[in-house]
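Working notes for the structure below.
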Amino acid sequence: MKKLLMATAATALMAGSAFAASHSKEVKIGVILGFTGPLESITPDMAAGAELAMTEVNEAGTLLDGMMVTPVRADSTCIDAAAASAAAERLITSDGVKGIMGADCSGVTGAILSNVAVPNGMVMISPSATSPALSHQNNEDNGLFFRTAPSDARQGVVMTEILMEEGVKEVAVSYVNNDYGKGLADSFQAAFEAAGGTVTLSAAHEDQKADYSAEVGALASAGGERLVVAGYVDGGGSGIVRAALDTGAFDTFQFVDGMVSDTLTAKFKGEIDGSMGQVPGTDSPGAANFEKMAGDAFNPTGPFAKESYDAAALIMLAMQAAGSTDPQVYKDKVMDVANAPGEQIFPGELAKAIEILAGGGDIDYVGATAVELIGPGESAGNYRQITYKDGEEVTVKFR
């Protein structure tokens with residue numbers, strides 16, 4: 001365990017390779033995230049979270065009687081479906097991965113699922129693709145797709161609850177023009193209006209534009225007590241915020257999960273004081289375990305880092321439960337290891353989980369995010385509500 005706690009994100013992949021070189025049995029797991037693009041500032045922590053789970057399993061050395069795990073990274077770009085599909089194809093055909101932790105953004109995740117994963121019979125567990133549209137794909141994914149982050153249908157309800165409790169009854173919405181942004185904006189508007197709120201304008205913005213004055217002008221004309229920004233912190237979402245602040249159109253915002261990160265506070269500091277947001281998260285014992293394990297190797301409180309650890313852990317535990325690294329075989333065990341009945345398993349206890357499964361027992365993987373899979377592979381989901389005060393992000397409570 002001491003060795004595990006000392007493992008850093010930078011050495012996780014090297015450690016996996018070293019283990020593999022010294023053992024005859026190796027399984028590769030793809031880690032496909034937007035290492036470039038509008039979420040590039042948060043994906044390093046996500047990858048480190050996933051690789052921490054693999055390092056933990058390699059330290060135990062007992063997965064399928066000594067199978068060693070090697071992570072293989074690939075860039076989804078977050079926004080380029082063709083590039084993401086090509087990267088995923090390489091993971092399967094060239095690298096020979098037996099599972100994919102990812103992707104991250106909803107549009108590229110859907111593209112990889114339909115274009116690559118389903119045709120190749122590959123299991124995907126996404127830590128952060130939250131579009132409600134992906135739920136519909138479960139009818140056509142042959143039981144291969146799961147996610148450890150909740151659908152934005154849930155986030156829309158949570159955001160509505162926060163705004164109503166704050167007494168905010170009228171908002172404008174700016175959303176990134178893709179599956180993620182549109183799905184979240186629609187889910188939120190339906191929930192908000194059902195609760196008695198008014199959306200003055202819900203308008204798309206394109207990513208990576210140099211000037212958002214026209215978009216903000218339209219939003220300002222429509223009015224609203226607060227601007228909901230459903231975009232990406234390294235993309236157009238921050239551009240919308242900057243334009244709104246510079247023009248005085250809005251001074252408080254409601255941020256969705258794609259905006260909540262250290263990058264947001266670094267960019268805007270006290271300018272967004274009084275704003276709020278929500279991001280998947282939990283204060284469960286597993287979350288504390290994960291943060292202790294990670295130490296200062298990476299930011300374990302970063303968005304979707306915990307969900308990434310859980311996604312990777314579920315792939316490996318499903319393999320153990322099935323006695324096989326074949327995705328067509330272990331896909332049927334993901335729901336079993338994720339849910340009751342069985343002994344609860346938290347971060348740092350993957351070796352115990354493997355031992356129980358190897359002995360024919362049952363586990364209930366709780367993990368770092370209180371994992372509970374519902375529907376076909378959907379996360380029930382918990383959220384961390386945040387506010388901004390004195391230029392800092394402050395946790396208000398968990399929902």
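The values are calculated or read from the model by the stated rules, or taken from the named source; none is laboratory data. These numbers come from a predicted model, not from an experiment. Quick reminder, even Gly has a Cβ in these numbers, built from the backbone with ideal geometry, and neighbours come from all protein chains shown. The accessibility values were calculated without ligands, DNA or RNA, using every heavy atom of the protein model including side chains. Shrake-Rupley method; radii C 1.70, N 1.55, O 1.52, S 1.80 Å.
General remarks:
- For the stretch 24-57, the set of residues classified as without any contact (Cβ under 8 Å) to a residue 60 or more places away in the chain and assigned to a helix (DSSP H, G or I) consists of T55 only.
- Taking the listed residues S94, S131, the one that is closer than 23 Å to V256 by Cβ and either touching a residue at least 24 places away in the same chain (Cβ under 8 Å) or not basic (K, R) (or both) is S131, with no other qualifying.
- Selection from the stretch 111-124 of residues that are in a helix (DSSP H, G or I) and either open to solvent by less than 10 Å² (accessible area, probe 1.4 Å) or under 12 Å from P327 (Cβ atoms) (or both): I112, L113, V116, A117, V118, N120
- Condition check for A318: modelled with pLDDT of 95 or more, small (G, A, S) and in contact with a helix residue (DSSP H, G or I) (Cβ under 6 Å, 6 or more places away or on another chain): yes
- Put simply, of V233, V241, V229, V216 the only residue that is in a loop (DSSP other than H, G, I, E, B) and among the β-branched types (V, I, T) is V233.
- Residue within the stretch 65-82 that is in a helix (DSSP H, G or I), out of contact with any Gly (no Cβ under 9 Å at 6 or more places or on another chain) and either at pLDDT below 95 or more than 25 Å from T301 (Cα to Cα) (or both) present: yes
- Residues of the stretch 94-106 classified as in contact with a helix residue (DSSP H, G or I) (Cβ under 8 Å, 6 or more places away or on another chain) and open to solvent by 10 Å² or more (accessible area, probe 1.4 Å), total: 1
- Criterion: open to solvent by 10 Å² or more (accessible area, probe 1.4 Å), within 18 Å of the chain's Cα centre (by Cα) and under 26 Å from D141 (Cα atoms) - qualifying residue of E378, E291: E378
- Residues located in the stretch 161-184, provided they are of a type in the set (G, A, S) and crowded, with 24+ Cβ neighbours inside 10 Å: A172, S174, G181, G183
- The condition of being farther than 27 Å from A117 by Cα, open to solvent by 40 Å² or more (accessible area, probe 1.4 Å) and acidic (D, E) holds for only one of D332, D296, D336, that being D296.
- Options A266, A214: the member that is open to solvent by 30 Å² or more (accessible area, probe 1.4 Å) and within 30 Å of G367 (Cβ to Cβ): A266
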